[in-house]
Each structure stands twice: as C-alpha cells, then as structure tokens.
Amino acid sequence: MKQILLITDGCSNVGMNPVTAAAHAYAEGITVNVVGVLDQGDLGEAGATEINEISKAGGGLSRLVHTKELARTVQMMTRKTVMHTIQNAVHKELKQVLGDSSLESLPPEKRGEVVRVMDELGETAKLRVALLIDASASMKPKLQAVEEAIKDLMLSLQSRQGESELSVFHFPGGKHGEGAALDMGWTRSMKDIPALFSRLQMQGTTPTGPAIMEVIDFYRKDDYGRGHRDDMDGLRSDYVV
C-alpha cells in the first residue's frame, strides 16, 4: 500500500492545482492524506477547503490540528487509511463473489472471520508512506513539532508486523520555488531524521500541486511503485468467504 502524507499550513499558490494532482495520485494507487497545522488562529476558510478537497480527491483523510496534536494525528491517519484500503478491497472481493450482498449480510461466523482477516492484513500488509512537508516560511515555527511527529510515526510503523518504510520530501524544493526535494529515501531507521531539518531552507511559496506530482514520479521510478503488485490486489476470495 502506498500513501502520501502532506503536512501544510496554508493554501497552494504556485503551479498545478493540488486537487488535480491528488486525483492523479489516487488513480495510480497512492492515497493522499493531509494534515493542516494550526498556529495562533487558523488556516482560513480557503486553506481548510483546499485541504479537504485534496484528501477527498486523493481518497484519503484530512485533519486540522494544533502542533501539540500533530504526532498523534499523523499516526492515527496512517493506520486508519491502511484499514480503509483493506476494507475497500475486502468489500470489492465480497461483491465479486456474493453479488450485491454486503459484509453485514454474511452469517455471524463468516462475518467474524472476515473482520479477523482485515485486522491481520492491517498489521501485515506492506506499507510505504511518503511524507511531504510544507517548507514555506510560515511553517518554520512548526518544524520541531513536525520532526517529533515523524519520529513517532516511524516508531509506530516499526511496531507493525508487516514491512513498513518511510520517505521524506519538502517543498518548495527547486531554485525557482516549484516542485519538491527528496530529503530521505525509503528507510526503516530514524537515525537520519534530525539531520533533515537542519538542512531545510524555508521559502515563501507553496507549490503543493507540483510537489505532489514529484512524489508520484518518485513512486513511478521506484521498483516498488513500478513493479510491485499491491497486496490488496492479491486478496483471494477464499480468504473472505
């Protein structure tokens, strides 16, 4: 399973519409979750609307949180999206086998077995999360909270039974204020996280759409994104009925 987790505190103001970019991600099997970080007030109506629309187009979740809630929210959204993806796959399999029947229509013992399988897959399915961090000037006071959230997320992923890896991007990443820069490739280790934030150069623009497209391209080029068959595609009917 593939996710993009976008952490931002404002509206996109450069390049491609981020809602369109999120739709591209979802079409390629990448779920987009968005956390809007509040600080001394709020993101404003436009920012909150954009965050909701990005996550909706990307098939994910969105939350507006204060910095002290960031770490817990990031963990919750990641795990909840995993379960949502699994549930959708199981319901799809059930529909293929049972027609219009739903999970709720199964006998209690069968329903219990389906739920058990979904819980097991939630812990064992392979997962990759690409963190996409807004490094516009207004995010500077919030970076310490973002760093702590990444560390806690990594600990949470390490506690799963399945293979879990994290990568980190920041945006804007280019000389001209567009796109994203890769700070850390796929890893299961926390040792390089502190050094990431000491190198960040905060800039004024917020090219959210181009940044999402950069992460999509990263998934495309990577062997996992190119050749890996999603675990949910391999869910067989005999596991659930």
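So which of M190, M232 is at pLDDT below 90, assigned to a loop (DSSP other than H, G, I, E, B) and either under 30 Å from A89 (Cα atoms) or among the aliphatic types (A, V, I, L, M) (or both)?
That would be M190, the only listed residue that is at pLDDT below 90, assigned to a loop (DSSP other than H, G, I, E, B) and either under 30 Å from A89 (Cα atoms) or among the aliphatic types (A, V, I, L, M) (or both).
Specify which of the listed residues (T20, T67) is of a type in the set (V, I, T), modelled with pLDDT of 90 or more and surrounded by fewer than 23 Cβ atoms within 10 Å (Cβ to Cβ).
Result of the check over T20, T67: T20.
Please indicate, with yes or no, whether at least one residue in segment 200-219 is acidic (D, E) and either modelled with pLDDT under 75 or open to solvent by less than 60 Å² (accessible area, probe 1.4 Å) (or both).
For segment 200-219, residues acidic (D, E) and either modelled with pLDDT under 75 or open to solvent by less than 60 Å² (accessible area, probe 1.4 Å) (or both): present.
Report those strands (runs of 3 or more DSSP E) wholly inside segment 1-89 carrying at least 1 residues which are out of contact with any Leu (no Cβ under 9 Å at 6 or more places or on another chain).
30-38, 59-66
Of the residues that sit in segment 80-119 and are surrounded by fewer than 17 Cβ atoms within 10 Å (Cβ to Cβ) and modelled with pLDDT of 80 or more, which one is farthest from E147 (Cα to Cα)?
Result: P108.
Determine which member of the set A145, A135 is farther than 20 Å from H84 by Cα, in contact with a strand residue (DSSP E or B) (Cβ under 9 Å, 6 or more places away or on another chain) and buried (at least 23 other Cβ atoms within 10 Å of the Cβ).
A135
Pairs only if they're at least six apart or on different chains, beta carbon under 9 angstrom, first in segment 140-166 and in contact (Cβ under 8 Å) with a residue 24 or more places away in the chain and more than 15 Å from L6 (Cα to Cα), second assigned to a helix (DSSP H, G or I) and of a type in the set (K, R); list them, first residue then second.
Between residues of segment 140-166 that are in contact (Cβ under 8 Å) with a residue 24 or more places away in the chain and more than 15 Å from L6 (Cα to Cα) and residues that are assigned to a helix (DSSP H, G or I) and of a type in the set (K, R), the close pairs are D152/R72; S156/R79; R160/R79.
Go through segment 116-134 and count every residue that is farther than 17 Å from S164 by Cα and free of Cβ contacts under 8 Å to residues at least 12 places away in the same chain.
The total comes to 1.
Pull up segment 23-59, narrow it to residues that are farther than 15 Å from A130 by Cα and β-branched (V, I, T), then point me to the one that is modelled with the highest pLDDT.
Step by step, filter segment 23-59, then rank; the result is I54.
Among the residues of segment 10-30, is any closer than 26 Å to Q144 by Cα and among the acidic types (D, E)?
no
I'm told L5 meets every condition in (1) modelled with pLDDT under 90; (2) open to solvent by less than 60 Å² (accessible area, probe 1.4 Å) except one. Can you identify the failing condition by its number?
Answer for L5: the failing condition is (1).
The values are calculated or read from the model by the stated rules, or taken from the named source; none is laboratory data. This one's a predicted model, so the numbers in the text were calculated from it and none came from an experiment. Cβ: placed from backbone, ideal geometry, glycine included. Neighbour counts: every protein chain shown. When the accessible area is computed, the model is the full protein with side chains, heavy atoms only, and any ligands, DNA or RNA have been set aside. Shrake-Rupley method; radii C 1.70, N 1.55, O 1.52, S 1.80 Å.
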